[in-house]
Every structure is written in structure tokens, then in C-alpha cells.
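Undergrad: There's a structure below that I have some questions on.
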Amino acid sequence: MKRKTSRITTIVHRDLTESVVTTLKNQGDLYYQIEPGRYPVLAKRGLWFFDFYRNHAIIDMPVSILEIICEESSENFLISMIRDAAELNIPGHGSIYSESIELISANQNFYVHSSKEIKKPIGFTGLTGIFCVLPRGSAEPIARLVLQNGIAVPTISYGTGTGLRDRLGLLRVTIPKEKEILKLIVHSSDIEHVLDFMIEVGRLDLPGRGFIFEFPVGQGLLNTKVSLEGPKQAASMDQIISALDQLYGNMEWRKKSNQFRISLRHRNYFEGVNLVLNCKEESMEFVTSALRKVGVTSSTISLKRLSHTGNTDSVFTPAREVANLLIPKKNLPEVIEVLNELEFFNQKFEGIAYTMEIPRAFSYQSKKSNQK
């Protein structure tokens with residue numbers, strides 16, 4: 001069943017969720033996935049002299065993260081509809097971006113959305129995404145530096161981890177099971193520098209600290225609201241940045257690579273695929289345990305809700321577990337074989353599986369392999 005499709009990810013302020021969902025309902029039958037999250041912004045500085053020499057405080061804005069799998073030809077139309085519904089041209093309203101995915105297989109009742117075709121891309125190109133898994137409470141230092149340098153507005157959601165922690169016996173109490181998942185989209189020319197400083201700040205070269213990888217982005221419209229500081233001119237800096245994006249027709253002018261110090265460290269990156277598994281809640285642990293026999297030793301599991309916009313009720317259980325598994329591409333056939341043996345795509349699990357190419361990833365395990 002393998003086929004190329006698109007995944008559209010929308011991050012909007014929680015107050016705008018209903019507007020986006022209403023727009024999706026007007027597009028006919030489609031499945032969309034939703035989970036809560038937050039995007040951090042820099043708080044206003046105080047009036048005291050010493051406030052200018054302290055780190056900005058972080059304030060978290062509640063967001064909804066929606067994902068839609070659609071035909072590649074429908075991508076531009078859906079992005080256009082969601083952009084207008086959430087008024088994503090206004091800083092602080094949110095972001096939207098697309099990724100090319102390969103749908104491996106899915107329950108027979110799942111279908112990929114198809115709608116009108118618009119030839120001209122709606123968003124900016126030349127973008128790359130970063131996916132970083134950290135112990136709960138560790139995302140804020142990275143988010144603060146990302147915001148203070150004007151790199152991007154990160155999004156943080158939550159999950160649980162399996163892997164190294166499960167192999168440490170009693171020592172596993174030193175590594176929290178709860179994880180924070182930090183995502184951000186940057187200009188592609190900045191990716192190497194941003195990855196390097198995130199690894200350093202997040203201490204990802206230490207055991208149990210998580211992992212990070214980059215992923216290709218097709219196109220995107222990105223939130224520019226990095227701070228709650230009010231404008232001292234007729235327009236805020238967020239509005240000026242948004243206007244310049246539109247004027248230039250791209251985000252090339254925003255690249256930050258010349259602002260980062262060059263790291264002298266050699267990072268032992270590796271490549272692979274991100275295998276995303278989606279099934280009924282309380283089923284994923286059984287699936288990931290079965291995959292250990294083919295070398296899949298770690299995963300990050302999130303709770304999401306699968307909704308349907310059609311006139312008929314969805315045949316899928318709404319409460320879902322979604323696992324991200326970073327594996328070598330050569331191991332994918334073995335993993336799919338195990339999934340088929342488990343009947344993952346039948347009614348027992350109501351499974352959906354797809355992959356994304358990962359050109360560069362890093363973890364403590366990759367550092368350890370390099371030392372060997």
C-alpha cells in the first residue's frame with residue numbers, strides 16, 4: 001500500500017481551534033488528529049534597572065496541534081483554507097507547515113483526504129524542522145535561547161519514553177519517564193548551527209537526556225510572535241518581520257547562521273527514518289515490546305485524539321497513542337513484517353503507519369557508537 005502523501009501540521013492558539021475545526025468540517029469527509037500543547041514567549045521585562053540584566057521569564061500560551069494526512073495535490077488548498085480561518089498572517093495566531101510522508105499501511109477504514117488542487121505554493125520554502133525529545137522540565141532553557149536569538153517560536157507537547165530507562169533496572173528512577181517534545185521550524189541554512197547549540201544546551205550527549213533530529217519541510221507559514229513586549233512604534237517587531245516575509249516572498253533574509261559561533265566539536269550524526277505508529281489507546285506498549293526483537297529499543301509515545309468531519313460516525317476509536325520510532329532505513333522491512341504478524345492494521349489495533357526521511361539525527365547512543 002506504500003504511497004507518497006502529505007502531512008499538514010497546524011499549531012494555533014487554543015482560542016482559534018474552533019474556527020479551524022469548523023473550516024475542516026466544510027471540506028467534507030476527512031480525519032484529523034489533535035493534541036494540546038504550548039508555545040513559549042518571552043515575558044515583558046519589568047521597569048527595574050536590574051530586570052535588563054536578567055534572563056527573560058517565559059510565559060506559555062496554550063495551543064492546539066492538528067495534523068491532517070492528505071493527497072499531495074490537496075496540500076496547497078488545505079493550507080490556504082486553514083491560513084484564512086486562523087488568520088495566520090497575524091503574529092501570535094500560530095503556524096502551519098507540510099511534510100512529505102510515505103504511508104506504509106493503514107486500517108482499511110482510514111482514507112487520505114483529497115480536495116481541490118491549487119498549483120501555486122501558499123507557504124514559504126527553504127525550511128527545515130527540528131524534533132527534540134527531552135526529560136520533562138528540560139525544554140525551557142532551549143526555548144528561551146531560541147526565542148532570545150529570534151530563531152523561531154518553538155512548540156512543546158508531552159509524551160512518555162521507552163528505551164534506555166527500561167534497561168537500567170533500579171537505576172531507571174534517575175531518568176524520568178515523562179518527556180517534553182520540542183518542535184521548531186528554521187531556515188535551512190541555519191539548521192546545522194541550531195542543532196549544535198540545542199545539543200549543547202540540552203546536554204543530549206549524556207545518557208538519558210533524549211534525542212534530536214531534523215526533518216524536511218515542504219512549505220510553511222510561521223508564527224513570529226517571540227515576545228509579549230508591546231510595540232513602541234506604530235508597528236511591532238513581529239508585524240515588521242511578517243511584512244518583510246511577504247515583501248521578499250521568502251525567509252532567506254532571516255537566516256541567522258552568521259550569528260552563531262562555530263562549534264569545534266565533531267557531532268556523530270546518523271540518518272534513518274522516523275516511523276510513526278498510530279493505534280488505539282493502551283495498545284502501543286504491547287506493540288513496541290514486540291518490536292524489540294528486531295532492534296527497536298526506544299520510542300516516544302504521545303496521547304492524541306482522532307476526529308472525523310463526515311456526516312457518519314468514525315469507525316476509529318478516538319483516543320489514540322502515537323509513537324515516534326527513529327530506526328535505520330534498512331530495518332524498516334523487518335519492522336513492517338512484525339507489525340503485520342501482530343495484525344496491527346486490523347480492528348484489534350486500528351493501526352496506521354507512515355515514515356519520514358531523517359537526514360540527520362543525534363543521541364547519546366550515536367556519540368557512544370563513534371567512540372567505539
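Undergrad: Work out, in µm²/s and without decimals, the Stokes-Einstein translational diffusion coefficient of region 270-363 at 25 °C, 0.890 mPa s, Rh from Kirkwood over C-alpha pairs.
TA: It diffuses with D of about 176 µm²/s by this estimate.
Undergrad: What are the ³J(HN,Hα) couplings of region 190-202, residue after residue, when phi is run through the Karplus curve with 6.51, -1.76, 1.60 and θ = phi - 60°? Round to Hz, x for glycine and proline.
TA: So the J values, rounded to whole Hz, are 9, 4, 4, 5, 5, 4, 5, 6, 5, 4, 5, 5, x.
Undergrad: Right, another one. I need to check one value: relative contact order of region 270-363, counting alpha carbon pairs closer than 8 Å and at least 6 residues apart, in percent.
TA: So the answer I get is 50 percent.
Undergrad: Just the accessible area per residue of region 270-363, please: how many Å² with a 1.4 Å probe?
TA: On the way: 4180 Å² over 94 residues.
On a per-residue basis, region 270-363 sits at 44 Å².
Undergrad: Any of LYS25/LYS179; LYS4/LYS348; LYS25/LYS116 with alpha carbons more than 22 Å apart? Name them for me.
TA: LYS25/LYS179; LYS4/LYS348
Undergrad: Computing the accessible area with a 1.4 Å probe over protein heavy atoms, can you report the carbon and sulfur percentage for region 288-357?
TA: Summing carbon and sulfur atoms, their accessible area is 48 percent of the total for region 288-357.
The values are calculated or read from the model by the stated rules, or taken from the named source; none is laboratory data. Just so you know, these numbers come straight off a predicted model, no measurement behind them. Ligands, DNA and RNA are stripped out before the accessible areas are found, and what is left, the full protein with its side chains, is counted by its heavy atoms. Shrake-Rupley method; radii C 1.70, N 1.55, O 1.52, S 1.80 Å.
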